[in-house]
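Okay, structure first, notes after.
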């Protein structure tokens, strides 16, 4: 038996990196308040429109059950679960991804162009620190977010916080329809010899924005001039989960890393991220992964290989997942159009994809955090928009005027929630 003398709570001295990485950023900091609200409000019914967790759709769950049953019955089960694998990923999944994309998009990929990671968040962590931060010569390579707001998780991926820089967008506003859209401001965007890599989501979490092909190519060409990789976060893009509500196609080649996740395709618990790109970029990220965690979990990879190779995942994505959430966004749009008065300068971002709506309350008399608190009092939980501007350090009142609304509520919850939101907005103005 070991005997320990207890001296009280441990307070180790943290390194600078330890200090940065032990702090919660963005929505993760807000989620603590949301969890405490739900616990403290025992007996009170909340319409929780904060979650990024996808709903469990029966057809999608059944697909993963079927793939699991097939794996359990196969001779490869022991090899998948009971043995280490290659750092790059499970070979049948690498081949399934390459073959699917070659056939679907007319590419010429080999398995060497694909990397499997434990979720796409880890992929951005690898890239942000492999291509961004301090170089061996001591210079600082920037991680550029060309269109802010963007995914809150980018705020926590770098070990050099000063390396992250974001740029304000231009706003296309349709005042009569109460709609707007963010666009990259190429007059302000700087990509130069200090740029290590570029990251953006398409479709965008939190706004649902989809950058045009022309905008993507322009960003990629600007970065290519300085050999900077461009990571396109395609967690909501086609072919799976295909949560795009406007026509779009993934772009490949050159310095572009197409980054995917199977989380919104019904597999968030297994943490499956996929990167497709130039072999040299894939090798750099693979080495990073080897040093960090050896390889991604193989069970999830094995069932994903079956779902992708059979074509079932792409079919369900376009025929089940997309129409399900597209209906939800129409419900929110209709409810707000009916409940919000024309006299208030409110604008909903064009719903082009993802599983969220983004509401801008121009000239809001209070902050986004304060209206978030008022909405909790009427039983509605959303997410304050200011958490979605990582890397944008300048003062901009717009950051405190927005709310992210999740589409993961029931149809009735969305309708009731928007009516309550409209009532609170009227009172505030």
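Of all the numbered requirements in (1) in contact with a helix residue (DSSP H, G or I) (Cβ under 6 Å, 6 or more places away or on another chain); (2) in a helix (DSSP H, G or I); (3) buried (at least 20 other Cβ atoms within 10 Å of the Cβ), residue 417 misses one, and that requirement is (1). Residue 150: over 17 Å from residue 228 (Cα atoms) and buried (at least 20 other Cβ atoms within 10 Å of the Cβ), yes or no? The answer is yes for residue 150. Only one entry of 263, 234 meets the criterion of being on the phi < 0 side of the Ramachandran plot and surrounded by 24 or more Cβ atoms within 10 Å (Cβ to Cβ), and that entry is 234.
Determine, yes or no, whether residue 191 is surrounded by 15 or more Cβ atoms within 10 Å (Cβ to Cβ) and touching a residue at least 60 places away in the same chain (Cβ under 8 Å). So residue 191 fails the test. Taking (1) in a helix (DSSP H, G or I); (2) without any contact (Cβ under 8 Å) to a residue 60 or more places away in the chain in turn, residue 137 satisfies each apart from (1).
Conditions (1) within 27 Å of residue 311 (Cβ to Cβ); (2) part of a loop (DSSP other than H, G, I, E, B), marked per residue:
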{"residue": "171", "(1), (2)": "no, no"}
{"residue": "177", "(1), (2)": "no, yes"}
{"residue": "185", "(1), (2)": "no, yes"}
{"residue": "196", "(1), (2)": "no, no"}
{"residue": "217", "(1), (2)": "no, no"}
{"residue": "223", "(1), (2)": "no, no"}
{"residue": "239", "(1), (2)": "yes, yes"}
{"residue": "257", "(1), (2)": "yes, no"}
{"residue": "283", "(1), (2)": "no, no"}
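Answer with yes or no whether residue 228 is crowded, with 16+ Cβ neighbours inside 10 Å, over 25 Å from residue 403 (Cα atoms) and in contact (Cβ under 8 Å) with a residue 40 or more places away in the chain. The answer is yes for residue 228. Could you tell me whether the range 384-404 includes any residue that is modelled with pLDDT of 95 or more, over 30 Å from residue 142 (Cα atoms), out of contact with any helix residue (DSSP H, G or I) (no Cβ under 8 Å at 6 or more places or on another chain) and not assigned by TED's automatic domain parsing to the domain that holds residue 71? No, the range 384-404 has no match at all.
The values are calculated or read from the model by the stated rules, or taken from the named source; none is laboratory data. The structure presented is a predicted model; accordingly, all values stated were derived computationally and were not measured. Every residue, glycine among them, receives a Cβ derived from its backbone with ideal geometry; neighbour counts consider all protein chains shown.
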